[in-house]
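Have a look at the structure below before the remarks.
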Amino acid sequence: MSVFEIYKGDGGAKFMRPIHSREEYLQSRNSEKQQQTLKAVRSGEESRKSQLVQMNYSCLPNEDGTLKGSKCMSTTVGMDIDHLTKEEMPVVRERILAKKDELGLLMLEESARGAGYHLVFKRRPELDQVDNLKWASELLEVAYDAQAKDITRVFFTTTEQELIYLDDAIFRLTPSPSLLREGSTRNEDVAALQCCSSNPNYPCPVPYDPEARYNGVLYADIIAKYWELFNGGKEPVEGDRNALTFELAVTIRSICGYSLEKLMQVIPNYWAKSTQKEPSPLCTSEEEAEWRKTIENALKEPRKGMPYRLKQVLQSLKSQQAVKACGGTLTTPPAMPKKLPPLIRLLTKNVPWFYKPAVANAVFPGLGAHLHGVKFRYWDNVEHEATFMNVLIGRQSIGKGTIKKPIEYIMEDIKQRDQPNRQREADWKQKNPGAKQKKDPRPTDICIQMLIDNLTDAVFNQRIVDANNNGQRFIYTIVDEIEGLKKVTSKGTVDEVGLLIRKAFDNSDAGQERVGADSVSGIAPLRWNFNASTTPPNAKKFFLRMVNDGTVSRLDVSTIIRTDEDDDAEPILGIYDHTFAAELKPYIDRLEAANGLIECPQSKKLSLEMKQENKDAAKLYESEAYRVFSYRANVIAWLKGMVLYVAHGYKWSKEIADFVRWTQQYNLWCKMLYFGQQLEKELREEIEIQRQSGPQNLLELLSDEFTKDQYRQMRQQQGKSGSGDGTLRSWQSRGYIVYDEVSGRYVKTESYKKKFSTN
């Protein structure tokens, strides 16, 4: 055994856990977090390098499993070659591969920064660590990093894509007396070597692995969801941990290959003083013995297939996993392109990197409000206008206000145009009091685009009509909290906001008709862009009844994700001044000057490509919610591309295309994160209602999981007599149901569901 992954224990001490196989090694390298972190490092975020997976190839752990101070060398040597130029990289690579047999090469990978290599070769036992490095350096005619000469040195690992060569011999243990600690006369060194083997007698546990996965889903997420569904979100504690851990092990053992080692790797030790986020180094305590015994007892239970509880857990996580289809992880959105279109680069330049995605999307309602009398033709030949309704969702005090300054500068010219119109309207009102017959008709050229968040139906309607009659312009609103949108009309309801959102996206007619002489009447296409912010709980509450009616899908949703590391640093914003305004002005001028029907073949081609990609992703991740959300997410992203196309002088570019592709995935990621699970559930319920609409047998009337009492109650409701035990046995013998001893319930089998759905 020559490959060890490094993890931190209590107090920050580094421990070593052995990697036993190529599969396990690649799984560690290919985690979502690893891929996103490496991408960030190679994009210039050096501070995130420490978040990469760390490996050691040159030593064995101490007796307590720790890394620090290890004196026992492994059978291999890890070597770091750094600071190579682009020209040197391929030359050195070919030289290493050409001499791999002579060197005894076992692994070769590109370094995290992409300016060097990490390699592992068989140790020459007659030489110490430094002499082994010198020998390899002379053989390869390249200098090694002298700072990485200690056997305890760790290497920041990359992904499988950067892995150039891997020999499975690296995972085999070949102990040799010559590798023991210098001057040692004890047997602990042999034990240290055995620790890395499969010897169960050595007091070294199977380490808890927070990155272990089943079909791409973290076991940690599966277990957390299990406690959420079946224990009120609470983990086992003293008094119930034996029973609950036993039930958990019985439930998930089928997806752990009925392996004791795998179960110990993924089930936390709830007997420890604190939840085992990091394992204790030894397995000799009474608590850990009890933990192991409980799991062993669970494995002795008769095997009856996958428990229904587990199916519920996996189904619940399914919608969360669909987030991966968007290119991000469950906690990290898809990475923003490094090279942005000039306008977006300008608008985001004054905020830290973790605010840039939110700002990059929040600016479009304001930019779109500058277009008037402009239409864009989508690939399906439907014409759209630059409608953008952005909702920024983020926890309290995370910095949602960072979007305001760029928007303020974007809207400044409209604000200045509105001022004299507001004054003219005020003067007209003063001369023509509402209670009296109007002496003068209201000027028809009054147009006020920026709305406050406290209006009546009459005012909102007047603004819509005025904007349409004066160049088919947009009205615009910005609110600090989504609840503020309820005040844009007199009704003040969430349902009214939802209706307006649906009408605005399609530019449907809105307004009112009144017969009174003093009443405001008029109907016109609703062109309404807005920016709103809120927190995750408020967003879910506000849109609770609008996830499956097309409202949420019409929104452009963004968020702010800050890591613990980001939270420690106070965000410093750049300066917005006349220079910034001057740089922005040419783009705004181009938007204001645009008119008529505008088409862009490159944008149309890209939207068609994304449509197919979304269709394939929805099938791959079996996510109906992703499919539903993707339709309008594609339209919104395409509209952003068209706005950028106009703003940049009717020029398409790779930067615009990359941004459009990213902003669609980002919008989808945010929607799936905050609303995906609810939509998946509601869509499943719709299908279930359709299935139950026709004639059904008794089993079909029961839920997928039912107790014997529920079965008997259903029999009575259907007018059937007797206990019905014979019918239950018949269903079991035909494979229609199985009995789940963990929950004490009968569960319909997949074969029955499949048979029913095809009949």
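For the chain, the longest principal axis of the alpha carbon atoms and the long axis of helix 32-42 meet at an angle near 80°. Rounded to the nearest 10 degrees, the inclination of helix 494-506 to the longest alpha-carbon principal axis of the chain is 80 degrees.
Report the normalised scattering of region 355-433 as log10 I(q)/I(0) at q = 0.11, 0.19, 0.21 Å⁻¹, calculated by the Debye formula with identical scatterers on the alpha carbons. So the normalised log intensities work out to -0.48, -0.92, -0.98. Across the chain, C-alpha contacts under 8 Å between residues 6 or more apart give a mean separation that, scaled by the residue count, equals a relative contact order of 11 percent. Spacing of the modelled spin labels on residue 26 and residue 730, each 7 Å from Cα toward Cβ, amounts to 5.0 nm.
In terms of packing, defined here as the mean over residues of other Cβ atoms within 10 angstrom, the peptides 219-225, 46-52 line up highest first as 219-225, 46-52.
Past the 31 Å Cα-Cα mark, which pairs from 234/671; 68/225; 14/400? The answer is 68/225; 14/400. For residue 304, the shell of other residues with beta-carbons less than 10 Å away shows a net charge of -2, using +1 for Lys and Arg and -1 for Asp and Glu. Per the Kirkwood formula applied to alpha carbons, the chain shows a radius of gyration over Rh ratio, Rg over Rh, of 1.05.
The modelled label-to-label distance for the pair residue 85/residue 165, using points 7 Å beyond Cα in the direction of Cβ, is 2.4 nm.
Amide H to amide H, with H built 1.01 Å from N, residue 535 comes under 5 Å of 394, counting only residues 5 or more places away or on other chains. Fully extending the segment from residue 415 to residue 143 would add 91.6 nm, taking 0.36 nm per residue of separation and subtracting the current Cα-Cα distance.
If you take the square roots of the eigenvalues of the alpha-carbon gyration tensor of region 29-147 and sort them as a ≥ b ≥ c, do you get rounded (a/c under 1.5), prolate (a/b over b/c) or oblate? Oblate is the answer for region 29-147, as a/c is 1.5 or above yet b/c matches or exceeds a/b.
The alpha-carbon of residue 439 sits under 19 angstrom from the alpha-carbons of these aspartates and glutamates, leaving out residues fewer than 8 places away in its chain: 425, 427, 518. For region 69-105, applying the loop criterion from DSSP together with a ceiling of 16 other beta carbons within 10 Å to the GluC sites (Glu not before Pro) yields 87. Cβ under 14 Å from residue 450's Cβ, residue 450 left aside: what net charge do those residues give with Lys, Arg +1 and Asp, Glu -1? Net charge in that neighbourhood comes out at 0.
In a DSSP loop and with at most 13 other Cβ atoms within 10 Å, the GluC sites (Glu not before Pro) in region 124-170 are 126, 141.
Mean residue ellipticity at 222 nm, helices only, the chain: -13000 deg cm²/dmol; runs of at least 4 DSSP H residues each add -39,500 (n - 2.57), and the sum is divided by the number of residues. Looking at region 308-371, the trypsin sites (Lys or Arg not before Pro) that sit in a DSSP loop and have at most 15 other Cβ atoms within 10 Å of their own Cβ are 338, 339, 349. Centre-to-centre separation between the Cα atoms of region 99-161 and those of region 1-80: 15 Å. On C-alpha positions alone, give me the angle between the axis of helix 286-300 and the longest principal axis of the chain, in degrees, nearest 10. With rounding to tens, the tilt is 80 degrees.
Averaging Cα coordinates gives a centre for region 345-424 and one for region 218-275; these two points are 47 Å apart. One chain, two ends: residue 229 and residue 397. Fully extended at 0.36 nm per residue, the span grows by 57.5 nm beyond their Cα-Cα distance. Between residue 700 and residue 289, the contour length at 0.36 nm per residue exceeds the Cα-Cα span by 143.4 nm.
Computed from phi, the 3J(HN,Hα) profile of region 360-370 under the Karplus parametrisation 6.51, -1.76, 1.60 (θ = phi - 60°) reads 4, 9, 5, 7, 6, x, x, 5, x, 5, 8 Hz, with x in place of Gly and Pro.
Separation of the alpha carbons by more than 19 angstrom is noted, of 39/651; 415/640; 71/149; 39/640; 405/503; 349/404, for 39/651; 415/640; 39/640; 405/503.
No lab work stands behind these numbers, since they all come straight from the coordinates. Keep in mind it's a predicted model, so treat the numbers as computed, not measured. Cβ coordinates were reconstructed from backbone atoms using ideal geometry, including for glycine residues, and neighbour counts include every protein chain displayed.
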